[in-house]
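Undergrad: Handing you a structure now.
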Amino acid sequence: MPILVDPNARFASTVSVVVIGAGGAGVTAALAARSAGASVLLLDRDAAPGGATACSSGMVPAAGTEEQIARGIADSPQKFAGDIQAKANDSADAARVEALTAASAPALDWLHKQHKIRFDLVEGIAPGHSLPRMHALADRGGATLLSAMYSALGAQGVRMRTSAEVVDLVVDNSKKVLGVRYRRDGSVEAVGCEALILACNGFAGNAELIARHLPDVRALPFAGHDGSQGDALAWGTELGAKLADIDGFLAHGAVVLAHRLPLPWSLMTEGAVQVNRDGERFINEHEGYSESALFVLAQPDSLAYMIYDERVHEIGLTMPNYATAVTSRIVKRGASLRDLADQLGINREGLEATIGLVNALAFEDAADEFGREFRATQMLLGPYYGVPVTAALLGTEGGLAVDISGRVLREDGTLFSNLFAAGGAARGVSGDAAGGYLEGNGLLTAVVGGYLAGNAAAALVGS
């Protein structure tokens, strides 16, 4: 990804802020910058933008929201930050975690009051969280969230160019960004800017970069957004930006690969289990979906099977990805475990023995050999459901090092004068290794990170 050094560059048009990438981070950054008074141009390489957010659950974690207060839930940014660091083994950047958790409730409040995008508190406690703090639109799903955001952009008069591939960042001799050049409709256009926000995702879709930075997961198939090619990483590296948490990644141990469809891991917290083709469990499913991926990969044919009952199935139907799986006829139903085992092609006796043990543990409110605790209210009773899944890589958690506002840092720790990053382009809050991803971290850094970066960029150009 070339950097064009041209201190005398001239542009046919100029805006205050250019944002590259129209997923959750980019669209929130653009909306925040425009709401703060900046003129904004939003660029996306895809004809139909969406990024990783479009494939997500659309649930944003936030602490201290009006919805929580109305339900008597005493949450705080400090409690939220504690949960993030507990999952990341205290390896996440403390200042960034503090900034994002503190801004989470104000960001959702701003979207509601200024842009009519209302988030409801989702029932239940997400894995790894100590309190209910996941928020989503009434019609859940990342695509629904983005649709509401795009409508708000239109109402604010933000210009968005799709099928626009940025080919150059234009900078002066001090590496200050002067503008960008992008290819669209067969021609190259150039626009100047006072600030640039990189929101063009991570590098999980780039096999070469994965082999270089994350060799332990290169065997995992990729099931994320194809735009995750490491553009921000390439531009930042050439400019001399500092990289952080580059070993962090997001994988998932329950993906329907043919549809690139990660199934909700909250089904596990509701009582579902995961078995291999012998009908045997092999992990503590409550530890998290990223941790489970390499264990699933180690099973015969890299396959696992989610097993649950009617109660869990009904809960799943409220979740977009699961509902899609049901509509696609991927989910199988059996009146008995033997019937289900035959449909899935797994060992009958093994499955019956496993569910028998699970129910015995649940009856006693006991834990198994992997450390998972079972509850009597979550015994698995017929009819039964199952779905074959595999493990896949969804995204990367490392990226450009940024300050609390999203401004990018140089290798020596100083700040670039007008370069920002948000979402997957920037370092996340999952630390620097596997297993640090807390559910919702992705949309926290996208929506709230975009909100912070957009406001900071607008403040910069207005000063």
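Undergrad: So, in segment 89-125, exactly how many residues are aromatic (Phe, Trp, Tyr) and surrounded by fewer than 22 Cβ atoms within 10 Å (Cβ to Cβ)?
TA: Of the residues in that region, 1 qualify.
Undergrad: Taking Gln156 as the residue in question, decide whether it is more than 27 Å from Ser430 (Cα to Cα) and touching a residue at least 12 places away in the same chain (Cβ under 8 Å).
TA: yes
Undergrad: Looking at (1) on the phi > 0 side of the Ramachandran plot; (2) in contact with a Leu (Cβ under 8 Å, 6 or more places away or on another chain), which is the only condition Gly37 fails?
TA: It fails just one condition, (2).
Undergrad: In segment 400-417, is there at least one residue being within 25 Å of Arg140 (Cα to Cα), small (Gly, Ala, Ser) and buried (at least 23 other Cβ atoms within 10 Å of the Cβ)?
TA: Looking for residues that are within 25 Å of Arg140 (Cα to Cα), small (Gly, Ala, Ser) and buried (at least 23 other Cβ atoms within 10 Å of the Cβ), one finds none in segment 400-417, hence no.
Undergrad: Now, a different point. For Gly230, which of the numbered conditions (1) within 25 Å of Glu291 (Cβ to Cβ); (2) touching a residue at least 40 places away in the same chain (Cβ under 8 Å); (3) in contact with a helix residue (DSSP H, G or I) (Cβ under 7 Å, 6 or more places away or on another chain); (4) not assigned by TED's automatic domain parsing to the domain that holds Leu121 fails to hold?
TA: Among (1) within 25 Å of Glu291 (Cβ to Cβ); (2) touching a residue at least 40 places away in the same chain (Cβ under 8 Å); (3) in contact with a helix residue (DSSP H, G or I) (Cβ under 7 Å, 6 or more places away or on another chain); (4) not assigned by TED's automatic domain parsing to the domain that holds Leu121, the lone unmet condition for Gly230 is (2).
The rows are residues; the columns are (1) outside any loop (DSSP other than H, G, I, E, B); (2) in contact with a strand residue (DSSP E or B) (Cβ under 9 Å, 6 or more places away or on another chain); (3) at pLDDT 95 or above.
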| site | (1), (2), (3) |
| --- | --- |
| Ala38 | no, yes, yes |
| Ala47 | no, no, no |
| Gly58 | no, yes, no |
| Glu67 | yes, yes, yes |
| Gly72 | no, no, yes |
| Asp75 | no, no, yes |
| Lys79 | yes, no, yes |
| Asn89 | no, no, no |
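Undergrad: May I ask you to list the residues in segment 91-111 that are farther than 19 Å from Ala25 by Cβ and without any contact (Cβ under 8 Å) to a residue 40 or more places away in the chain?
TA: Residue satisfying the conditions is Ala94 alone.
Undergrad: So Ala86 clears everything in (1) farther than 25 Å from Thr269 by Cα; (2) touching a residue at least 12 places away in the same chain (Cβ under 8 Å); (3) surrounded by fewer than 17 Cβ atoms within 10 Å (Cβ to Cβ); (4) out of contact with any helix residue (DSSP H, G or I) (no Cβ under 7 Å at 6 or more places or on another chain) except one condition, right? Which one?
TA: (1)
Undergrad: Is it the case that Tyr289 is aromatic (Phe, Trp, Tyr), touching a Phe, Trp or Tyr at 6+ places or on another chain (Cβ under 6 Å) and surrounded by 22 or more Cβ atoms within 10 Å (Cβ to Cβ)?
TA: yes
Undergrad: Let me ask another. Check segment 255-269 and report whether any residue there is among the basic types (Lys, Arg) and within 15 Å of the chain's Cα centre (by Cα).
TA: Taking every residue of segment 255-269 in turn, at least one turns out to be among the basic types (Lys, Arg) and within 15 Å of the chain's Cα centre (by Cα).
Undergrad: Another question, then. Does Asp245 satisfy the criteria of being of a type in the set (Asp, Glu), touching a residue at least 60 places away in the same chain (Cβ under 8 Å) and within 30 Å of Glu165 (Cα to Cα)?
TA: So Asp245 fits the description; yes.
Undergrad: Hey, can you tell me all the residues within segment 247-267 that are modelled with pLDDT under 90 and in contact with a His (Cβ under 6 Å, 6 or more places away or on another chain)?
TA: Correct list: empty.
Undergrad: Mind counting the residues in segment 247-263 that are surrounded by fewer than 23 Cβ atoms within 10 Å (Cβ to Cβ) and either touching a strand residue (DSSP E or B) at 6+ places or on another chain (Cβ under 8 Å) or not acidic (Asp, Glu) (or both)?
TA: The number of residues fulfilling the criteria is 6.
Undergrad: If you scan segment 344-368, which residues turn out to be touching a residue at least 40 places away in the same chain (Cβ under 8 Å) and exposed (fewer than 12 other Cβ atoms within 10 Å of the Cβ)?
TA: Across segment 344-368, the qualifying residue is only Gly345.
So that you can scan it fast, the table gives a plain yes or no per residue for (1) under 27 Å from the mean Cα position of the chain (by Cα); (2) under 30 Å from Ala433 (Cβ atoms):
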{"position": "Thr324", "(1), (2)": "yes, no"}
{"position": "Ser336", "(1), (2)": "no, no"}
{"position": "Arg348", "(1), (2)": "no, no"}
{"position": "Ala366", "(1), (2)": "no, no"}
{"position": "Leu381", "(1), (2)": "no, no"}
{"position": "Ala391", "(1), (2)": "yes, yes"}
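Undergrad: Gly23 is checked against (1) over 30 Å from Leu263 (Cβ atoms); (2) surrounded by 24 or more Cβ atoms within 10 Å (Cβ to Cβ) and fails just one. What number does that condition carry?
TA: With respect to (1) over 30 Å from Leu263 (Cβ atoms); (2) surrounded by 24 or more Cβ atoms within 10 Å (Cβ to Cβ), Gly23 is out only on (1).
Undergrad: If a residue must be surrounded by fewer than 15 Cβ atoms within 10 Å (Cβ to Cβ), within 24 Å of Ala293 (Cα to Cα) and in contact (Cβ under 8 Å) with a residue 60 or more places away in the chain, how many such residues does segment 369-397 contain?
TA: Total satisfying the criteria: 3.
Undergrad: Here are Arg410, Arg427: which of them is basic (Lys, Arg), under 15 Å from the mean Cα position of the chain (by Cα) and in the same structural domain as Leu178 (by TED's automatic domain parsing)?
TA: Just a single option satisfies the conditions, and that option is Arg427.
The values are calculated or read from the model by the stated rules, or taken from the named source; none is laboratory data. Keep in mind that what you see is a predicted model, and the values were worked out from it rather than measured. Cβ coordinates were reconstructed from backbone atoms using ideal geometry, including for glycine residues, and neighbour counts include every protein chain displayed.
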